[in-house]
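Engineer: Have a look at this one.
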Amino acid sequence: MDRTTVVLVGRRHEGCENLSLGYLQGALETEGFRTLTAALNTVGDIERAARTIVSSGAPLTGLSISDNHAAVLALGLGQFLHKLGYKGHITAGGTFATLTRRWLLARYSWLCSVVRLAGEVPLVQLARAIQNGTSVHDLPGLTTRMGEGRC
């Protein structure tokens, strides 16, 4: 498993950038992480994205869940990753994920954490903790089943 790769997943329509993923990608790459992105625009993208993630060997996958429409696709992808046996840490971020974080973590056993609000700093800290094999449960800006890291 390549401990320096992070996969970022979200909507990205042809000819349009996903600014949120771009910020996260920039923050991670500045800190020496390699990023891969997977577009998740339709149900038809779920299997392709899952197979890309699994074959990448990435220990961390971030799902952008900005609203209820994105949630349907991202949660479907997470279920598919779980079915394929993906062993990496799956985190979610975005407005919808932040507001429903406790519900998401209670309902989806494969979801490991939720990044609250702005994700650039918490996601880099999460990636670093996973890379170093240290605990992620008290990272600032991160919610896990163990509780919430400070704001």
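The values are calculated or read from the model by the stated rules, or taken from the named source; none is laboratory data. Quantities reported herein were computed from a predicted structural model and do not represent experimental measurements. Here Cβ is always computed from backbone atoms with ideal geometry, including for glycine, and neighbour counts include all displayed protein chains. In case anyone asks, the SASA skips ligands and DNA or RNA and just uses the protein heavy atoms, side chains included. Shrake-Rupley method; radii C 1.70, N 1.55, O 1.52, S 1.80 Å.
Engineer: What net charge do the residues around LEU105 carry, taking every other residue with its C-beta under 13 Å from that of LEU105, with Lys and Arg at +1 and Asp and Glu at -1?
Structural biologist: +4
Engineer: Quick one: if you take sqrt(5λ) for each eigenvalue of the C-alpha gyration tensor of the chain, what semi-axes come out, biggest first, whole angstrom?
Structural biologist: Semi-axes from the Cα gyration tensor: 20, 17, 16 Å.
Engineer: Hey, what did the chain get for relative contact order, percent, Cα under 8 Å, at least 6 apart?
Structural biologist: After rounding, I find 21 percent.
Engineer: What percent of all Cα-Cα pairs in region 19-64 falls into each 10 Å bin, going from 0 up to the bin containing the maximum distance?
Structural biologist: It works out to 24, 54, 22, 1, in whole percents.
Engineer: At 222 nm, what value in deg cm²/dmol follows for the chain if DSSP H runs of at least 4 each add -39500 (n - 2.57) and the sum is divided by all its residues, to the nearest 500?
Structural biologist: Computed ellipticity for the chain at 222 nm equals -13000 deg cm²/dmol.
Engineer: With both partners inside the chain, how many of the DSSP beta bridges are antiparallel, as a percent to the nearest 5?
Structural biologist: Just about 20 percent of them are antiparallel.
Engineer: Kirkwood hydrodynamic radius, computed over distinct alpha-carbon pairs, for region 13-94: how many Å, to one decimal?
Structural biologist: 13.2
Engineer: For region 22-101 and region 118-151, what is the centre-to-centre distance using only Cα atoms, to the nearest Å?
Structural biologist: Using only Cα atoms to place each centre, the spacing works out to 16 Å.
Engineer: Further, regarding this structure: Calculate the radius of gyration of the Cα atoms of region 44-128 to one decimal place, then report Dmax, the largest Cα-Cα distance, as a whole number, both in Å.
Structural biologist: Cα only, region 44-128: 12.0, 32 Å (Rg, Dmax).
Engineer: A follow-up question, please. Given the alpha-carbon gyration tensor of region 80-127, what are the semi-axes of its equivalent ellipsoid in whole angstrom, ordered largest first, with each equal to the square root of 5 times an eigenvalue?
Structural biologist: Values for region 80-127, descending: 19, 14, 7 Å.
Engineer: Please work out how much accessible surface SER20 shows to a 1.4 Å probe, ignoring ligands, DNA and RNA, in Å² rounded to 10.
Structural biologist: Solvent-accessible area, nearest 10 Å²: 70 Å².
Engineer: What value in Å³ per residue do you get for the convex hull of the alpha-carbon atoms in region 95-151?
Structural biologist: Measuring per residue, one finds 74 Å³ for the Cα hull of region 95-151.
Engineer: Next up: Just add up the charged neighbours of ARG116: K/R +1, D/E -1, any other residue whose Cβ is under 9 Å from the Cβ of ARG116.
Structural biologist: It works out to a net charge of 0.
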